[in-house]
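Below: the structure, in structure tokens.
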Amino acid sequence: MRKVAFTVAAILLARSHAEDTGYEAGFSDFRQEWIQEPLTIKGTLPEWLVGGAHVMNGVALWGFPKRRMRHNLDGYAKVHAVEFTSSTTAAFSGQFVRSAFYNASIKKDDVTAGLLFEETTPPRLALPLQNALAPNDNININVVRINGKMALISDLLGTVYVNETMGTEEVCVDGHMPWAKQSFVDVPAFPEGMAVTMGSAHPLSHGLSADRDTGDYLGIAAATQAVSFQPIKSEYLRLFRAKVETGWQHREEVITLAVPRAPYMHAFGLVTPEGAKSGPVANYSFAVLVHHPFYMDLTEEFPRYKIPMEEIWEFKTEEKAFFYVVDLHNNTLVANLTFNGEPFLYSHVLNSFQVDGHIYIDLVAYRDIFFKRYSFDVLLNKTARDASTGSQMLRFKLDIATGSVTEQDLLPGTDIELPTINEYFKGRQNCYAWSWENNFELPTNTSTGATGFARMAATKFDLCESEKQEKTIRTPFYRPHTYYGETFFVPRPGSTQEDDGVVLVPALDGQRGRMALLVLDAATMKLVAEVPLPEGVGGYITHTRFLFDYAKSDTLQALFV
């Protein structure tokens, strides 16, 4: 066992507001790294978790002394893993992803070329096209197990493979211009002159994603107009299949839709036949793609060379949203439904399913560009973050026979993100969801803890009762001045009860400046065990993944040394 550190552990910044103790300090730089650091668990884990590991993607470095980033999601990717070695012990690894962006920045001690949500302070000096043609391989969003390998993915069409100590094995990223080198093969190829610029950070497998190779993956690729002088009439939105035998980098067309503009599409849904039983593998009937009027205009990037991405995102409130329903048995579009209600954007798909011949899809929706919320101008300013636009959990009912789409605010009065479900219920009607909440309202009149945006809870939601009663039914886990990451549900092996399992939640104790991984009973949201992480662990956790049989898996071999 050994500890690796490039610098002395970062000192937490003393900049938090008194009422939000420790919240802003969570966005300090955390440069220290670990390999297999032994940990002692408070409490006792269920035996069926032993041998698995919780892997967490995220960011933990936002710049250098001469230059700082201004947006949370621009930070350098860092992956953490908590391996459960026994019911009372664990091992922790935390490593920065050795992307070309990270390596070049470390070498120069400065933020180097690459596309960012917001330009740095002070601004970088960039040559024409320098940012667009940079590697853009800072993959800091999701982590999945694909074809026997552990992979980091994001909306950028790229992949970083990592090993059991979170070491970087291979970086595969598509270029952002039509002439740039591509790491992926699209079958059939997109038309010449198009840039395959974006995809979904949430591909969906035909099996439980925590298991090993239980099915092919479906994903999204968007081919957009990259330069303004190209006479292109359409852009393209493709649902593709990555087969187990050919690997993630070989993308075979399921269906390609020609659209006036290809939207940003972070997630989508799958639907099983109505009445299908829950389980780890499913024969999905439909895919549901939601075309919201949210675009990235690369024609603005080309002539102006180096504008930040915040200036090329467009929410076209004058346009309508469309729901595409794809038959997965014959790879055809069976419905293109128009939503005539209030314009919305969405970040994540909770689930989609069929009931009484209708298709339902649940979305984390917003009425403004949600990326604004993750700017440091907002996150590090209490007035701004408390006033930021919150989310809604919207349920859309798709009536294919009549062509109608109706909307319901499923969890009124909530502001949630990164929700998860029991993945045995993926594509089937589910009753429960787990998520963090911002702006959490305590059930009593006490003012204990943080206030506004930073008052957070890790919460179980009863969707079925919420729909019936038309009010939010929840079971929260709350600690004063504690700030949560993604609530990941892990089902107990062999169970058929939807909430039989645990929820794994990274949590920052703002009063102590320490992070821990909480293990909660998914049914009651009571604490089962707590894994204190080493001092100096911190940063922003994006998406996470529990991997069964972590130490024994082919996923964790050094395949690309």
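Find how much the distance from residue 448 to residue 125 grows on full extension, using 0.36 nm per residue of separation minus their present alpha carbon separation; answer in nm with one decimal.
Extending this stretch completely gives an extra 111.7 nm.
How many nm separate the modelled label positions at residue 107 and residue 318, each set 7 Å beyond the Cα in the direction of the Cβ?
For residue 107 paired with residue 318, the spin-label model returns 4.7 nm.
Lys/Arg Cβ at +1, Asp/Glu Cβ at -1, dipole of the range 2-556 taken about the Cα centre: which of 40, 348, 393 is farthest positive-ward?
Going by the Cα projections, it comes out as 40.
Taking a point 7 angstrom from the Cα of residue 402 along the C-beta vector, which residues in the range 324-342 have backbone N less than 18 Å away?
The answer is 335-342.
So if a site counts as exposed when it's one of the GluC sites (Glu not before Pro), its DSSP state isn't H, G, I, E or B, and it has at most 14 other Cβ atoms within 10 Å, what's the longest stretch of the chain without one?
After excluding every exposed loop site, the longest remaining stretch is 1-191.
For residue 535 paired with residue 233, estimate the spin-label separation in nm (one decimal), with each label point 7 Å from Cα along the Cα-to-Cβ line.
For residue 535 paired with residue 233, the spin-label model returns 6.7 nm.
Over 32 Å between Cα atoms: which of 78/316; 243/471; 316/382; 108/372 fall into that group?
Result: 78/316; 243/471 exceed 32 Å.
Computed FRET efficiency, Cβ-Cβ of residue 185 and residue 342, R0 41 Å: what is it to the nearest 0.05?
Once rounded, the FRET efficiency stands at 0.50.
Output the relative contact order of the chain, whole-number percent, from Cα pairs under 8 angstrom with separation of 6+ residues.
Computed over the chain, the figure is 15 percent.
Return the unpartnered cysteines for the chain, using a Cβ-Cβ cut-off of under 4.7 Å.
Unpaired cysteines in the chain: 172.
Would you work out if the chain is rounded, prolate or oblate? Take a ≥ b ≥ c from the square roots of the eigenvalues of the alpha-carbon gyration tensor; rounded if a/c is under 1.5, else prolate when a/b is larger than b/c, oblate otherwise.
rounded
For residue 465 and residue 389 in one chain, what is 0.36 nm times their gap in residues minus the Cα-Cα distance, to one decimal in nm?
Contour length minus the Cα-Cα distance gives 24.8 nm.
Quick note: the coordinates plus some simple rules give every number you see, no bench work behind them. These numbers were taken from a predicted model, which means no experiment stands behind them. Ideal geometry is used to build each Cβ from the backbone, glycine not excepted, and the neighbour counts take in all protein chains shown.
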